[in-house]
1. Between the alpha-carbon centers of region 187-207 and region 64-140, tell me the distance in whole angstrom.
2. Non-local amide H neighbours of I116 (under 5 Å, H modeled in plane, Pro and chain starts lacking H): which ones?
3. Nearest 20 debye, what's the magnitude of the dipole of the chain about its Cα centre given +1 on Lys and Arg Cβ and -1 on Asp and Glu Cβ?
4. Need the list of aspartates and glutamates near K72 for cross-linking: C-alpha distance under 19 angstrom, and skip anything on the same chain fewer than eight residues off.
5. I need the phi-derived Karplus couplings for region 97-104: 6.51 cos²θ - 1.76 cosθ + 1.60, θ = phi - 60°, integer Hz, Gly and Pro marked x.
6. Between rounded, prolate and oblate, where does the chain land on the alpha carbon gyration tensor, with a ≥ b ≥ c its root eigenvalues, rounded for a/c under 1.5, else prolate if a/b exceeds b/c?
7. Place +1 on the Cβ of every Lys and Arg and -1 on the Cβ of every Asp and Glu in the chain, take the dipole about the Cα centre, and give the residue among H112, F63, L124 whose Cα lies farthest towards its positive end.
8. Enumerate the calculated ³J(HN,Hα) couplings along region 54-65 in order (Karplus 6.51 cos²θ - 1.76 cosθ + 1.60, θ = phi - 60°), each rounded to whole Hz, writing x wherever the residue is Gly or Pro.
Amino acid sequence: MGDAPLKENLAAGLIRLSGWTGTTPLVDPLCGSGTLLIEAASLAAGHAPGLNRSFALEGWADFDDDLWREEKERARTRQEQGQFQPMIIGCEQDPSIAKQARNNAEAAGLSHLISIQTGDFRDLQLPEGPGTIVCNPPYGLRIGADQDLEALYGDLGAMVKTQASGWDFWLLSGNAGVTGALRMRASRRIPINNGGLDCRWLHYQVR
Ligand SMILES: C[S@@+](CC[C@H](N)C(=O)[O-])C[C@H]1O[C@@H](n2cnc3c(N)ncnc32)[C@H](O)[C@@H]1O
């Protein structure tokens with residue numbers, strides 16, 4: 001696992017809130033173990049959440065086994081046909097976390113959709129857009145204050161403004177004090193509870 005990975009259901013919700021439909025590129029420049037990328041790829045591939053696990057409702061007295069099997073079959077067919085083949089790119093500076101992200105994509109059966117680059121987001125070249133950037137940068141709360149967060153957010157804002165004109169930019173913020181360093185004005189601020197931390201899913205329309 002990377003530093004402070006997001007819960008899968010939270011990441012899936014964040015991707016849905018972003019309005020990304022799988023038809024344009026999606027990039028996470030600080031992807032950690034790749035949770036946002038995997039949930040995005042899963043959405044694009046038409047994966048039904050929990051398809052390969054059992055549910056408590058299967059033990060209910062009025063459970064309809066035939067109907068359940070039919071629905072699972074339909075979900076599997078939809079998954080096999082796939083829906084979209086978007087470009088989904090992650091960048092992670094820590095080689096061992098980047099490797100973990102690749103392993104996680106592989107384990108989810110989505111490595112054909114996700115490409116993880118090892119390196120600093122400052123060297124990342126965005127694909128031709130417009131597209132969507134999603135990210136969950138370090139906040140300095142859980143991870144420790146040993147990083148120059150203001151410089152990191154400042155450089156992230158600069159990268160977005162120079163490369164991502166016309167893109168949507170979503171950032172999960174747990175530290176309102178550092179998001180100002182982006183030097184961008186959010187058009188939406190959605191309150192999010194991230195494992196007990198009061199966060200905001202911030203949307204920026206990049207001009
Ligand atoms: C909060 S974690 C992201 C967690 C991720 N959303 C997940 O669920 O696994 C932030 C990540 O940003 C990475 N990072 C920090 N500075 C970076 C930089 N300059 N370029 C690329 N990645 C960076 C860290 O190594 C860390 O894995």
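We did not get these values from a lab; they are worked out from the coordinates using the rules stated. Just so it is clear, the structure is predicted and the values come from calculations on it, not from any experiment. Cβ coordinates were reconstructed from backbone atoms using ideal geometry, including for glycine residues, and neighbour counts include every protein chain displayed.
1. Going from one Cα centre to the other spans 21 Å.
2. Amide H neighbours of I116, under 5 Å, 5+ apart: G90.
3. Working: 19 positive and 25 negative charges, 139 e Å.
Dipole magnitude for the chain comes out near 660 debye.
4. E58, D62, D64, E80
5. 6, 4, 5, 4, 4, 5, 4, 5
6. Working: a/c = 1.95, a/b = 1.70, b/c = 1.15.
The shape class here is prolate.
7. L124
8. Each residue's phi maps through the Karplus curve to give 9, 10, 4, 5, 5, x, 5, 4, 9, 5, 9, 4 Hz.
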